[in-house]
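This report concerns only the one structure given below.
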Amino acid sequence: MKSALVSGATSGIGLEIVKGLIGRNIHVYALTRTTTETNELTNWLSGAGKNAWCTPLQCDLRKIDEVERMLGLLESPPTIYALAAADNAFSGLEGTSYADADAILTVNLLSTWRIIKEINKKSADERYLLLFSSSSSLKPMPSQLAYHVSKCALNALFRSAYDELRNNNVWSCLVIPSSVNTRFWDGKTPAQKRGKFLGAEFVASAALDALFKKKKYCVLGLSAKLQFHLFQILPWSVTDWLVAFREKSACRT
């Protein structure tokens, strides 16, 4: 049976990825940060009758030693890695403490780097890696500075590691969506504005479709201005595209 490792598995895109993989009869190792999140996921699995298809693993991605411990718990290397966990804070240079910046960069970049190193081992079996960037990486974001920096660095990591991963039989896909309606925005953004955000289920479905079709990029809901910035940053070829430059109205769920 194929298996998958999914981070950020208790809500938003990560939870929808879990549902999508289970729907494909793939066993999921679902990473949770806290005991509360583990209980939330366990309750959902029980209610959906999916306990046999998912194994929760508690791992705080802000701590690399926890990532090392988690990787050691896996019974066998997964076939699919979907790294959807993300950390963020609304603050600029002066307002972001070193501890906050360290946590955001570790969750969004360094823990991903460590897991990618685990995947990057020669194998006769094809493996799949799904990474989630953001439209926030395509323009200055003074009010979300650490998050912006981490996603810019993730784009660079993906581009620089892509060929090496392919040489080791890993198919990788980078997802670049506009704003996604997740619980991160609770209490931060008015409901009317959130109604224009992409749905997490839509993003997860499009991302998995792109991954299994072996597409390099999956671009969702970007405005014309962000499309322009994207062309300046990423090398494009038509065969790399799956979903590109759709109007937001066509992307909502």
Fill in the blank from the handout: Between Glu126 and Asn43, the FRET efficiency computed from the C-beta separation at R0 = 41 Å comes out, to the nearest 0.05, as 0.75
Handout entry: Segment Arg183-Phe212, length gained on full extension (0.36 nm per residue, minus Cα span)
Key = 7.7 nm
Handout entry: Label point distance in nm, Tyr98-Thr36, each placed 7 Å from Cα along Cα→Cβ
Key = 2.9 nm
Handout entry: Inter-site label distance for Trp113 and Ser160 at 7 Å from Cα along Cβ, in nm
Key = 0.8 nm
Handout entry: Residue pairs, from the table Lys19/Lys63; Lys19/Lys121; Lys193/Lys215; Lys151/Lys216; Lys139/Lys213; Lys2/Lys50, whose Cα atoms sit over 19 Å apart
Key = Lys19/Lys63; Lys19/Lys121; Lys193/Lys215; Lys139/Lys213
Handout entry: Packing rank of 12-20, 113-121, where each peptide gets the mean count of other beta carbons within 10 Å, highest leading
Key = 12-20, 113-121
Handout entry: Ellipticity estimate at 222 nm from DSSP helix runs (n ≥ 4, -39,500 (n - 2.57)) divided over the chain, nearest 500
Key = -12500 deg cm²/dmol
Problem - Order by protection proxy (mean Cβ within 10 Å, highest first), peptides 156-164, 126-134 - result: 126-134, 156-164
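With the cut-off at 1.5 for a/c, could you classify the chain from its C-alpha gyration tensor as rounded, prolate or oblate? Don't skip to the answer; put the middle values down first.
Values: a/c = 1.29, a/b = 1.17, b/c = 1.11.
It comes out rounded by the Cα gyration axes.
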Practice task
With a Förster radius of 30 Å, plug the Cβ-Cβ distance of Leu73 and Ala52 into 1/(1 + (r/R0)^6) and report the FRET value to the nearest 0.05.
Solution key: 0.95
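We did not get these values from a lab; they are worked out from the coordinates using the rules stated. Just so it is clear, the model here is predicted, and its values are computed rather than measured. Because the Cβ atoms are built from the backbone with ideal geometry, glycine has one as well, and the counts that use them run over all protein chains shown.
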